[in-house]
Structures are given as structure tokens and as C-alpha cells.
1. For Leu418, only one of the following conditions fails: (1) surrounded by 17 or more Cβ atoms within 10 Å (Cβ to Cβ); (2) in contact with a Gly (Cβ under 8 Å, 6 or more places away or on another chain). What is its number?
2. Just checking, which of Val144, Val99 is within 27 Å of the chain's Cα centre (by Cα) and hydrophobic (A, V, I, L, M, F, W, C)?
3. When residues of the range 291-305 are filtered for being among the β-branched types (Val, Ile, Thr) and free of Cβ contacts under 8 Å to residues at least 24 places away in the same chain, how many remain?
4. Is one or more of the residues making up the range 726-739 in the same structural domain as Ile642 (by TED's automatic domain parsing), of a type in the set (A, V, I, L, M, F, W, C) and under 30 Å from Gly617 (Cβ atoms)?
5. Filter the range 675-691 for residues that are farther than 24 Å from Asn735 by Cβ and not aliphatic (A, V, I, L, M); which is surrounded by the most Cβ atoms within 10 Å (Cβ to Cβ)?
6. For Thr29, only one of the following conditions fails: (1) in contact (Cβ under 8 Å) with a residue 60 or more places away in the chain; (2) in a loop (DSSP other than H, G, I, E, B). What is its number?
7. Please go through the range 596-634 and give me each residue that is crowded, with 21+ Cβ neighbours inside 10 Å and either within 20 Å of His651 (Cβ to Cβ) or under 38 Å from the mean Cα position of the chain (by Cα) (or both), ordered by number.
8. Name the residue, out of Ala584, Ala600, that is among the hydrophobic types (A, V, I, L, M, F, W, C), on the phi < 0 side of the Ramachandran plot, touching a helix residue (DSSP H, G or I) at 6+ places or on another chain (Cβ under 7 Å) and modelled with pLDDT under 90.
Amino acid sequence: MPDDFAGHIEEAPLAGALSDRYLAYALSTIMSRSLPDVRDGLKPVHRRLIYAMQQLRLDPTSGFKKCARVVGDVMGKFHPHGDASIYEAMVRLAQDFSVRYPLIEGQGNFGNIDGDNAAAMRYTEARLTEISQALLEGIDQDAVDFRPTYDGEEQEPLVLPGNFPNLLANGAAGIAVGMATSIPPHNAGEVCAAAILLVRKPEATTAELLDYMPGPDFPTGGELVEEKAALLQAYETGRGGFRLRARWSVEQGKHGTWTIVVTEIPYQVQKSRLIEQIAQLMEDKKLPLLADIRDESAELVRIVLEPKTRTVEPSMLMESLFRTSALETRFPLNMNVLDADRTPRVMPLREVLRAWLDHRHVVLVRRSQHRLNAIERRLEILDGYLAVYLNLDEVIRIIREEDEPKPSLMKAFDLTDLQAEAILNMRLRSLRRLEEMEIRKEHKNLAKEGKDLRTLLGSEKLRWDRIVTELEKIRANWGDGPLGKRRTAIGSAPAVIDIDETALVEREAITVILSKKGWLRAVKGAIAPDAELRFKDGDALRLLLPCETTDKLMLLATNGRAYTLRAGDIPRGRGDGQPIRLLAEFGNEDEVVALFAHEAGAKYLLVSSPGRGFVVGADDLLSERKAGKQVMTVKPGEELAIATPVGNGDHLAIVGENRKMLVFPLEQIPEMARGLGVQLQKYKDGSVADLRIFKLADGLSWKSGERTRTETNLKDWLGARAQTGRQPPVGFPKNGRFGA
């Protein structure tokens, strides 16, 4: 660095400088923190943990060491990050409910499925499991490359040899910059079976691989209820998701009573939070079929669900729970990993297996070459021993008398430098007579092993046969027994159970209150129109709607869209409620036109501001989307102005802002599901002011002050649709509205 470099300022565009620095941060997060390597399935922190524990000789047969000691070594030598993050990663590798095949064996409190945290690292101890040993197998035999650690004082492996399909067996999850990964755990025996098929049949399709590994195998069990076509597409593309349900059974009681017992819950669902969620749903009266929930779990999960009555169908009760609680979850699949070139990309199942097999092939070649080099070195030394054993007296004389014995030995017996050095370092007791026989025996065995290794390195077929043998061994070790037995049942997509949505809500009378500023709430029972209600400052009552919690409410806004709200979902209590725009997605410039309870078979008249309208059925206003559905088409500068029930009227009286009234038969208005509508009244300027649907025989009534007036002789205003009309009768309100 130049002497005058201190204080040097180099100008650079801010955008470029920020871009370069953010790119460096993003690459660091992607490659060195969040994404696993496809070859060993580990992120850097996990790899460093396992390697550091191997350096501490914490193999499965040794004693345990304090986790604080391990975390300290990892942080000081390999991973310059906080001790809390390192310990959390370590704890997860030891939790049998978090990883399918634990890589660390813990002693002490390592948390539980309820979501309780592990004890502090000074209280817990750990050592490696046999699976971790398999991942490390061959690491001291030049199987993988090493690199300097962050401070340059140590060496760490770039990847572990990986004699276990860890990526698929234990899965992975992580969020990087602009990308994420989510891989579910699988059964190791099934993964090995699929890998063997891919070795024997390199052109095997994903469908053929799934015959051997039919889907994820989660540590907490449960039942996979995803269609086979969806599974196939997910594994073929590397992206998708899986529906996972709790496993349950019915236990019969006395006198025809029964309860449901949940013995396995979905992966990564905390049991305590699940029970709290169901209890809250019961309190909110959204699970009317369920009477009680109890947690009777000990070492095994046991959640007891009691129905309201014994006449309830168990499948119906569980379906309602699956729809509303975490007893059914969806686990995403996004196989975004670092490939052998350290490039992040999404891989399908076949490529993931192929990448792991190719890594095992590279490891086999490197280990075999390393062993062959060691054998050749040893054979060279043994040849030197055999060359001098027949002339031990001469060797002793040279060593005793010569000033430079090494060159003399090399010249006298035609030895290499390595052979001469080995002879000079030989112990005196190795000169006994029987030693020659042992040297010849070792030489013979090593020569045979070296020949076999050369044959192996010279034949790709033999190498893949060796890999298949290793896969069979992995399958035998971890594909059977309590650890290897499949835990997640592979079910078919469940049959659709039709549930009356009203059955999931406790039926009771309520009154919905809508304020002028758009705040919505509900109170139990009926409310008198003149009851005193509290609102925010500057707000007032707009609408009182008596209904029941099982009703669907239809809301129409000035944008011409119809929204469906569930009366049972409207916030209740003594507060101000909730802004209606949070329950139905419409803009701040839009306003509520009407709100009424859905009634099968009912019809409504919709009228836009320029006087166009049509009749629509109640069912055509229903929408399952929060964004609603467009029912009336409104042009720029126009809006939906009026929405009113048709009822049993036969004529329509419509008044414009020009104070002209027109009366015509209701049958002249078409019934449509959606559209622009037809012209109801013609306006030169202005828009529609008000309308009323009535029976012609009963006359037309309107509110005038405190009095109600009725006009029965309407022949002067009777006409056809789209006419202008005439001035209203004497006494009609000056604001052009019929009143309440």
C-alpha cells in the first residue's frame, strides 16, 4: 500500500457503489449462509459445527462435551458470527422432531415439540451421531477440498464427503436475498433405493423414481394428502407444495359416546400453539361441532377432541378442523440449492440425486487415488527394507563408520532417497529375524490392494458398482429399524366433504352497525332504531342491519362491485369495529352504496348515476373473493348510485336531479347477471336522485316532514322507460327524495 494512501478519496457514483456493496452482501448471504450445498445438504454453519466436533473427537463412542465448548470452537475458528445463532443451529440438528435423522446427539434440555426453548449452552452437552460420522467418512483421505478459514489460521472443508443423502433425508429451509429454499425431509432408505435405480438406469424418469420414494417423510409423522399428479409435477420442476394432515382415530366410550384422538401433528407445528389456536376458534364460536379439547401428551402426542353431541360425524368434525386450524398445513417445495460449481439454482429431484451421486463418485476416485498413493509409498519403503535385510551387517557398518551414511546406503544398495531415509529411521528391534516375514506378508497384501485399486480407477463400471454397494449399506443401516421406518403415511387426495358453512358458525341473532365513515361492527341481539350508539368523533350511524351470524352479507360499492361478507366474521364488542375497507377490498375513493343480508331468490335493482340500471338476482351478487366481483359496469366519471330490493312491487318511480319524475312498469327493466344496464330516465344534465319500487294499485307514497303522503292518480307521470318525465306532484320534497 502506498505511503500516501491514507486520506485518499476516490469519487464514485453513489448508485454504483451501493449496487456493488449490496451485490457482495447478497452473494455472501446466498453462498455462505442461507442455501445448502446439493452434495452434502449442509449450510456453512452446520458443516462447520460437524467438522469442529470431529476435531474435538466427539464421535458416537466418546463422551459428551459441553455445547458451550463446541460453540466457542466453531465461533473462534470457523464461523465469525454470534454464539446464539450457532447454538440455535446446533440445537436444531439434535431435535428429533425437527430433523428426520439427527446429526447431533444431545444430552440435556434441547427443547420440545411444544415450542419450549433449549436450555442455555452451558447446561447442555453433545456429540456426533453415526450419520454425522458417515458424512465425514474419508475427510482425512483427500476426499474433498479445503480452504483457509476467515482468519487464515485453520483449514475448513468446502463440502463434506457426504456418505449419506442428507439434503433429501433431512431437508433444508432458508431465506437468502431474492431467493429461498424449502426442501422437506424424506426417508433415507427410499432415497437410496431411488439413487440405486438412477445408477442402474441413468435415463429413469421422475415417475419411476417416485415409485421408490413416493413422497416426503416428516419426523412428526402425519398423513400426506396430495394428488400424485401434483407430487410428480413438484418433483419434476423442483417447485410445488404438499398438503399434510394430522393423524387421528376415533375412540369409543360408554353409551355410544366417542372422542377423537390426534396422535401425530403436521411438521413444524408447535403443539401448544395448535391447541391455543383451536381453543381460540372455540371461543370465537367458529367450531360449533367441538365441545372440548384436552392435551394428554406425555412422550407421545395425544390430543383429545370431544364433539358437542354424539350424533356429529367424526369426519365432519375433523374436516371443519382441517379447514380452520393447523391440523392441516401445506409444506412448500423449492429445491433451490448450490450446485457443484457453487451456483444457486432450482433443481428437480432427478438432478438432485444425480448431483449427489456424482459427488460420491468424485469422493470415491479421490479416496482411492489417495490410498493408492499411500500404498505405493509404503511399497517403496518395504522394497528398501527387503533389499538391506540380507546385508544387515554391511548396513550397520555404513551407519557406524560413514560420515554421510545416507548417500553411502543409496550407492551401496541402489536405494531411493525415501528408502534410505526409512532405513536410517528404523528401530533396532525391527532387525529381528521374524520381521522379514512380516514385511514380505505386508508387501504381498499391499501389492494386491494396489492392483485392485488400479483396476477400480480404470473402470467406471466397477466404481459405480462400488457406489451401489455403499448405497445398499446406507439403506441397511438407516433404512430399517425404528429410525428408518417410514413415519408419514402416503394417502390419496381426500374426498371433498360438503360442509354447510352455517354449521361451522353458532347461530345467533346480531345487529350489524355501519357508520357513515365506513366503520363496521356487530352486537348481539336486536337494537332499536332510536338506541344510543357510540361512534368516533365526527362519525354517525348510517345503517342498522338485523341478521344472524350464519348469514352472508352483500355489500355494493360505488365502483359497481359486489362483495360478500360473513356476518359471523364481523368484529363484535363495544369498540368502534373495523374499517370496512379491511374486510372488502375497494379504494379510498369508493363508498358503500348498500349492505343487506343475502336471501335466496331475492332480486335487486341497481342504478348508476346517469340513470342506467338492471335487475340482478341475489345469487349473482355473491363472491368468494375479497376483491369482490364486478356487477355493474361504470364508465369513467360515473358510479353505482342506488341498490334496492325489488320486493313485490310492479312499478318504478324515478326522480332525477332535474326534479323530473317518471313512473313506468318494472317489467321494462331487464334482468341481467352483470353489465352496463339500460336507460331508465333521460337527463339533459345531472343524474339520478332517488327511486322507489311500489304497487301501482296502492299508490306512490313519500315522506314530507313528519307526514307521509300518498298519490294514487299517477296517469300524468306514467310513461315508458327512458323518457324524461314531469315535475313531481305538489308537496313532493324539494330535495327530490322519497324519504324513509
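1. (1)
2. Details: Val144 fails: within 27 Å of the chain's Cα centre (by Cα).
Unique residue meeting the criteria: Val99.
3. Let us first name the residues in the range 291-305 that are among the β-branched types (Val, Ile, Thr), namely 293, 301, 303-304.
If we keep only those that are free of Cβ contacts under 8 Å to residues at least 24 places away in the same chain as well, we get 293.
Going through the range 291-305 one residue at a time, the tally reaches 1.
4. Pass one, the range 726-739, residues in the same structural domain as Ile642 (by TED's automatic domain parsing): none.
No: the range 726-739 contains no residue that is in the same structural domain as Ile642 (by TED's automatic domain parsing), of a type in the set (A, V, I, L, M, F, W, C) and under 30 Å from Gly617 (Cβ atoms).
5. Here is the first cut: in the range 675-691, the ones farther than 24 Å from Asn735 by Cβ are 675-678.
With the extra rule that they be not aliphatic (A, V, I, L, M), the set shrinks to 675, 677.
Numbers: Gly675: 15, Gly677: 25.
Top of the filtered list is Gly677.
6. (2)
7. Tyr604, Leu605, Leu606, Val607, Gly611, Arg612, Gly613, Phe614, Val616, Leu621, Gly628, Val631
8. Details: Ala584 fails: touching a helix residue (DSSP H, G or I) at 6+ places or on another chain (Cβ under 7 Å).
None of the others qualify; the one that does is Ala600.
The values are calculated or read from the model by the stated rules, or taken from the named source; none is laboratory data. Predicted model, so just to flag it, every value in this text is computed and none were measured. Cβ coordinates were reconstructed from backbone atoms using ideal geometry, including for glycine residues, and neighbour counts include every protein chain displayed.
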